[in-house]
Amino acid sequence: MSLFRNAQKVLRENIREYGMYIALFVIMAIFTITTRGTFISSRNISNLLNQTGYIAVLAVGMTLVIVIRHIDLSVGFLAGFLGAVAAIALVFWKLPTWVVIPLVLGLGVLAGCITAFLVAQLKIPSFVASLAGWLIYRGAILLVTAGTGTIIIPDATYNAIGNGYIPDIQVIPGVHNLTLLLGVVAILLFIVNEISDRRKKLAYNFEVLSTDMFILKLLFMSGLIGAITWVLAGYNGLSWTVVVVLVVVAIYHFVTTQTVLGRHIYAIGGNPEAAELSGVSVKKLIYVVFGSMGMLSALSGILFSSRLQSATTTAGTLFELDAIAAAYVGGVSAAGGVGKVIGSIIGALVMTSLTSGMNLMGIDISLQYIVRGAVLAFAVIFDVTTRNRGK
Amino acid sequence: MTPPILEMKNITKEFPGVKALDNVSFSVQEGVIHCLVGENGAGKSTLMKVLSGVYPYGEYSGEILIRGVPQRFSGIRDSEKAGIGIIYQELALVPEMTVYENIFLGNEIRRGMVMDWNETIRRASQMLRKVRLDINPATRVKDLGVGKQQLIEIAKALSREVKILILDEPTSALNEDDSQNLLNLLRDLKAQGVTCIMISHKLKEVIAIADAVTVLRDGRTICTLDAHKGEVSENVLIKNMVGREINHIFPPKEHQPSDEVVLEVRNWGAYDPNLGRKILKNINLKLHKGEILGIAGLMGSGRTELALSLFGNSRGYHLEGELYLHGQRRQFSHPHEAIRAGLAYLTEDRKGNGLILIQDVKQNISLANLEEISRNGIVDNNAEVKIANQYKMVLNIKTPSVEQKVMNLSGGNQQKVCLGRWLFARPEVLILDEPTRGIDVGAKYEIYTIMTQLVQQGMSIIMISSELPEILGMSDRIYVVSSGRIAGELSASEATQEKIMQLATD
């Protein structure tokens, strides 16, 4: 019983941090029941993750933008536009994929820096600057696809990014072996990392979870990673989209938590004047954050166009709002300085899970929007009330 | 003698932990100009806030009588109805609106549901004539200088038919001409029967205009002087203002500043493009190694602006003059460069632009010098904890751990975290702006002790403070700043509260 009571206590104290994971878990459980298991099937989960990809990378960038107290509305159509540029480069300029990708990512950085210039140098509110971008990139998509309409991308390598899966080593038939192997490696890395972290904290006499809670946490997270791996291995294995997202998340998680750059970003979000007086250049970091946002918009455009194997005239519509919603559901604070990359990814998963689950249940699109809106509102209310309680 | 138009009897107002007003009595005769003087924090503004209903009846004890009738204001609206108008130091006009809209804002002239703009403009012109302002009432307020804006505030008050007009440091942002103009206007208003209460730091103005002066000190009424009986003079005022007992204890002075000049500023000046005026003029100062240099001056005298202009000019002033560090001419275009060169600036407003309240103690301490605990841009979290714990110990920061969020600490401990950040930046020149504002006596003494230790180790400190005892108790040398220039330099031995106040109110 004491184990249960301990778990309750830990949950209560860290409800803010674990709230999203629990929400995701509950949502998935509900849909699994209401769809009689279809939701949790390998095929559906695999699709769900691939669908999340292009929003997830945007949500990662948006997290940083909101952390420094700004917003970027242009990312959706920028992604759509750069997807179209990629298609044109592949189809009409006949450039190979390995040239197109860096080119488009570079253009994304450039676009982000233009927004940053308006915001940092000319002191235009980011809402307005990026709204202008929203209109301009929307027009740009229509312009570049005016002659052709939807551009079909025949390039197999490029299309694999959004549709392909990692290759397999055949040992055990029936499942994806390499995916399973990677899953096991991930679990081992996680456990080793957690243990060494705990040991360091103990050496400094920091507060750590009690041993039984620590083991429970390890078991829970390992189980989660194992379950996802197992489900994916039952279908086609790990998709390239998921690999791309995982790499992006790993890099951004590392940068935000372990580097001077990350510290400076959160310092600006927490108190821009204090950060400036402590020698942090707010201007420079606006360029960095918006530049990264532009690059991730380009990546989102690549993921989306390769998934559809084409560039359409409406690509990118509402991506920006999905990304912003994901970030807020994931615990980013509009007041600035608070928000984690991992949280936003979970937020993106919550939002796509809702869409996917409700689609499977055959719920009308009108109700879907209402439910997603309610979840967004509820998530932020939860966040605000638990934060106030902490004071 | 006629009964006074205003009487405030035994007013006491407490804030958590502080008695801002302690049994203050204040009475004003009809049709006079009555000045209220005192140091920063003497309680002048609080008293006026009680009078104007900002602190409603019930939040203070005591009685307010207007023409002998007791008043209980529950808000500013009530005091306005009773004929009291107050004009704050920070003007409360809407810059994007026209002059006539501003004058009748909140007191609109309507015909039924609609605004009567013609009547509004006619009456606004009338008010402008009363304050002798010859401008088009359709001018936007943002296009007017501060002096004219002040007059519009007065016009606004007059349009509500005030009987008692309160002005809180009306001339602090004005130049000589505008100030004279304003004082003449007050004399006019007096002739028209308006009673004025003016808070001012500029004693020459007070002497020139006041019929009576009340001096407050540490939340108490010290005296009320009658100008017509020849009781008001600069010396008398200063003596009554500064009579504060030196009840703080300071660590003994054991350090001896060397003759080596660390920092020198020549012909320094700054123009603030946002205010549209020069805020610092012709400043020359020297700081020696191992010295505590006190900079005294009243609020708004330009002390903080001076510090910020030296420390990387983060407010974007247009600077002139030269800055020398160890005899070498330097220019800093960002606080980052100033920090690298060995400067540090502890802000006067630790919650506003000092601390990152939502972050923990260690992150606040490491912020200005993350380079030292990082390699290739990756922060060594263990080194950070070690450093933070070191400063926690040295500065005696009372917190359960360095992972505690700074917003959960007391004022004194927050200040020590700020100080920790700047000590970790390992400066040569430490600028402390109001280092002991809002912290308790124990923490104050600790900070003084740390300061003496630092100068003994060869650091040089510039201490900006409005607390005269602190300036006198800690400084080796003192500059007094007034109206954006250095009004005088005093050695520790010759400085007295009176001398400093005389220069500061010049």
**Study point:** Among A:340, A:283, A:201, residue whose mean-square fluctuation peaks in a GNM of chain A (springs only between Cα atoms under 10 Å)
**Key:** A:201
Exercise for review: Arrange the peptides B:472-480, A:293-301, A:114-122 so that the one whose residues have, on average, the most other Cβ atoms within 10 Å appears first.
Suggested key: A:293-301, B:472-480, A:114-122
Check your understanding: Can you tell me the Rg and Dmax of chain B, counting just the alpha carbons, in angstroms?
Key -> 25.0, 81
Study note, to complete from the structure: Relative to chain B, whose Cα atoms define the longest principal axis, helix B:146-159 and its Cα axis are tilted in degrees, nearest 10, by 40 degrees
Point to revise | Tilt relative to chain B, helix B:381-394 - C-alpha long axis, 0 to 90 degrees, to 10 | key: 70 degrees
Study note, to complete from the structure: the stretch B:6-242: relative contact order from alpha carbon pairs under 8 Å, six or more residues apart, as a whole percent, is 28 percent
Check your understanding: Any number yet on Rg/Rh for the protein assembly as shown, C-alpha, Kirkwood?
Key -> 1.04
Review point. Once whole DSSP H runs in chain A are found, which of them have Cα atoms spread over 20 Å or more along the helix axis and a mean Kyte-Doolittle score of at least 0.5?
Key: A:15-34, A:42-67, A:75-91, A:97-116, A:126-144, A:177-203, A:211-233, A:240-258, A:282-308, A:341-361, A:365-390
Practice item. Using all C-alpha to C-alpha distances in the stretch A:43-145, build P(r) with 10 Å bins and read off the rounded percent in each one. Key: 14, 39, 33, 13, 1
Check your understanding: Across the residues of B:356-369, average count of Cβ atoms on other protein chains within 10 Å?
Key -> 5
Check your understanding: So what is Rg over Rh here for the stretch B:374-488, counting just Cα atoms and using Kirkwood for Rh?
Key -> 1.02
Exercise for review: Run the numbers on the stretch B:350-426 and let me know its relative contact order in percent, using alpha-carbon pairs under 8 Å that are six or more apart.
Suggested key: 46 percent
Practice item. Select from A:263, A:138, A:199 the residue whose mean-square fluctuation is largest in a Gaussian network model of chain A (Cα-Cα springs shorter than 10 Å). Key: A:199
Exercise for review: Answer with one residue from B:33, B:180, B:236: the one whose Cα lies farthest towards the positive end of the charge dipole of the stretch B:6-242, charges on Cβ with Lys, Arg +1 and Asp, Glu -1.
Suggested key: B:33
Review point. Put +1 on the Cβ of every Lys and Arg and -1 on every Asp and Glu Cβ in chain A; which of A:169, A:304, A:233 then has its Cα farthest towards the positive end of the dipole?
Key: A:233
Review point. Rounded to the nearest 20 Debye, what is the dipole magnitude of the protein assembly as shown about its Cα centre when Lys and Arg each give +1 and Asp and Glu each give -1 at the C-beta?
Key: 1520 debye
Check your understanding: Along the charge dipole of the protein assembly as shown, Cβ charges K/R +1 and D/E -1, which of A:82, A:279, A:21 sits furthest on the positive end?
Key -> A:21
Practice item. Enter the accessible area per residue of chain B (Å², integer; probe 1.4 Å; all protein chains in place). Key: 43 Å²
Point to revise | A/B buried area, accessible surface, summed, 1.4 Å probe, Å² | key: 2400 Å²
Practice item. Using the 2.2 N^0.38 Å rule of thumb for compact globular proteins, work out how the stretch A:31-70 stacks up: its C-alpha Rg over that value, please. Key: 1.67
Check your understanding: For the stretch A:245-391, what is the accessible area per residue in Å², given a 1.4 Å probe and the full set of protein chains?
Key -> 38 Å²
Revision key, fill the gap. The size of the Cβ-based charge dipole (Lys, Arg +1; Asp, Glu -1) of the stretch B:391-502 about the Cα centre, to the nearest 20 debye, is 420 debye
Point to revise | Rounded, prolate or oblate (a/c below 1.5 giving rounded, otherwise prolate when a/b exceeds b/c) for the stretch A:1-98 by Cα gyration tensor | key: oblate
Practice item. At a temperature of 10 °C and a viscosity of 1.306 mPa s, determine how fast the stretch B:350-426 diffuses translationally according to Stokes-Einstein, using the Kirkwood radius over alpha-carbon pairs as Rh; express D in µm²/s, rounded to the nearest whole number. Key: 131 µm²/s
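Treat every Asp and Glu Cβ in the stretch B:80-190 as -1 and every Lys and Arg Cβ as +1, leave all other atoms uncharged, and give the resulting dipole magnitude about the Cα centre to the nearest 20 debye.
So the magnitude is around 540 debye.
If you take the square roots of the eigenvalues of the alpha-carbon gyration tensor of the stretch B:1-94 and sort them as a ≥ b ≥ c, do you get rounded (a/c under 1.5), prolate (a/b over b/c) or oblate?
Since a/c stays below 1.5, the shape of the stretch B:1-94 is classed as rounded.
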Practice item. Would you please report the Å³ per residue occupied by the convex hull of the alpha carbon atoms in chain A? Key: 165 Å³
Point to revise | Helix-only mean residue ellipticity at 222 nm for the protein assembly as shown, each DSSP H run of n ≥ 4 adding -39500 (n - 2.57), per residue, nearest 500 | key: -16000 deg cm²/dmol
**Study point:** Coordinate range along principal axes, alpha carbons of the stretch B:6-242, Å, largest first
**Key:** 51, 40, 31
Point to revise | Anisotropy class of the stretch B:246-362 from Cα gyration tensor, a/c 1.5 cut | key: rounded
Practice item. Would you mind checking the tilt of helix B:176-191 against the longest principal axis of the Cα atoms of chain B, expressed as 0 to 90 degrees and rounded to 10? Key: 30 degrees
Review point. In the protein assembly as shown, what % of DSSP beta bridges are antiparallel (nearest 5)?
Key: 60 percent
Practice item. Could you sort B:407-416, A:216-225 so that the peptide with the highest average Cβ count within 10 Å comes first and the rest follow in order? Key: B:407-416, A:216-225
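The values are calculated or read from the model by the stated rules, or taken from the named source; none is laboratory data. If you're wondering where the values come from, they're calculated on a predicted model, not measured in any experiment. Quick reminder, even Gly has a Cβ in these numbers, built from the backbone with ideal geometry, and neighbours come from all protein chains shown. Areas reflect the complete protein model, heavy atoms only, side chains present, ligands, DNA and RNA absent. Shrake-Rupley method; radii C 1.70, N 1.55, O 1.52, S 1.80 Å.
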